[in-house]
Amino acid sequence: MIWFGNLNQVVVAPNHVGLGLASEEARMQLALERVAESAPGLSGSARVSALAATGWVDHPTAERLLPLYRQFDPDRHFSEYVRRLSFRGKIAAEEFRAGVRCIVEEVTGNGWIDQVGPEPCVRFATQEYEGVVLAQPEVGFTINGKTREAIEAAIEEMPDVLAIVARNFERAAAEQLSGILHRSGVRGTLLTVNLLLGLRATALRYQPRLPRVVDVLSIGGAMKSADLARLGERELAA
């Protein structure tokens, strides 16, 4: 998989006391987890460099030990990490948004953190498409306050994709979104975290062209599992 990020996104500041006390294997495990949480698609020399950039292991150690950790699944760890963050609310907002940005980058080819109205957001842009994704690590999320203002600000930009990601949504959220978007010409989509991770898994497996990904992300209303299944089926039949 191509990685579009940079090593600055995986650098952490390890506790130097813990660094000295932890075994080499424990430090390698921590480095693997940190890299998987920021760049799960890394492989080869780029992955070794990212492991060293965490500060938990140096480059020779990472290179020497990595073959012993074939059982470590970066994709599974990343998915579990994003799911954990999705329960934590505002205190995890920045980390959760970074995880969503990583997914957006993987499925569209780019993604960065920006602002729309009063809210931080994830954006992507290509020659043909632009998208705005609002990431909310909330359970039973409902649309009001700053999120409503952010959606209204995004409408003025007329993006091809306007999506909101949360752990899950209150039943009224789809109706609330529809009311805000009424007559705007913008189709907004609600994605639970599990469906976003499912979209990621489908895109990584079947490598659909970007227009197909955009079609799914802009389907409108609350995304369903069948929408992702159709994406995979269409790709198999192509």
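Less than 5 angstrom separates the built amide H of Cys121 from those of Asp114, Gln115, Val116, all sequence-distant by 5 or more or on a different chain. Counted by neighbouring Cβ atoms within 10 Å, the residues Arg34, Arg205, Arg212, Arg183 run from fewest to most as Arg183, Arg205, Arg212, Arg34. Against the chain, whose longest principal axis comes from its Cα atoms, helix 74-86 is set at around 50 degrees. Measuring gaps between exposed loop sites in the chain (GluC sites (Glu not before Pro); DSSP loop; at most 15 other Cβ atoms within 10 Å), the longest gap, sites not included, is 1-127. For Gly188, the residues 5 or more places off, or on other chains, whose built amide H falls under 5 Å of its own are Gly221. Principal-axis analysis of the Cα atoms of the chain puts helix 145-157 at an angle of about 80° to the longest axis.
Whole-Hz Karplus values for segment 115-121 come out as 10, 9, x, x, 10, x, 8 Hz, taken residue by residue from phi with 6.51 cos²θ - 1.76 cosθ + 1.60 and θ = phi - 60°; glycine and proline positions read x. For the chain, the relative contact order works out to 14 percent when only alpha carbon pairs closer than 8 Å and six or more residues apart are counted. Taking the C-alpha atoms only, the angle from helix 24-38 to the longest principal axis of the chain is near 20 degrees. The ranking of Phe87, Phe96, Phe141, Phe78 by Cβ neighbour count inside 10 Å, starting from the fewest, reads Phe87, Phe141, Phe78, Phe96.
Averaging Cα coordinates gives a centre for segment 165-238 and one for segment 68-129; these two points are 16 Å apart. Computed from phi, the 3J(HN,Hα) profile of segment 195-203 under the Karplus parametrisation 6.51, -1.76, 1.60 (θ = phi - 60°) reads 6, 5, 5, x, 4, 4, 4, 5, 5 Hz, with x in place of Gly and Pro. If only the Cβ of Lys and Arg carry +1 and only the Cβ of Asp and Glu carry -1, the dipole of the chain around its Cα centre is close to 460 debye.
Since every read-out is calculated from the coordinates, none of them should be taken as a lab result. Bear in mind the structure is a predicted one, so any value in this text is a computation, not a measurement. Cβ sites come from the backbone with ideal geometry, for glycine too, and all protein chains shown count toward neighbours.
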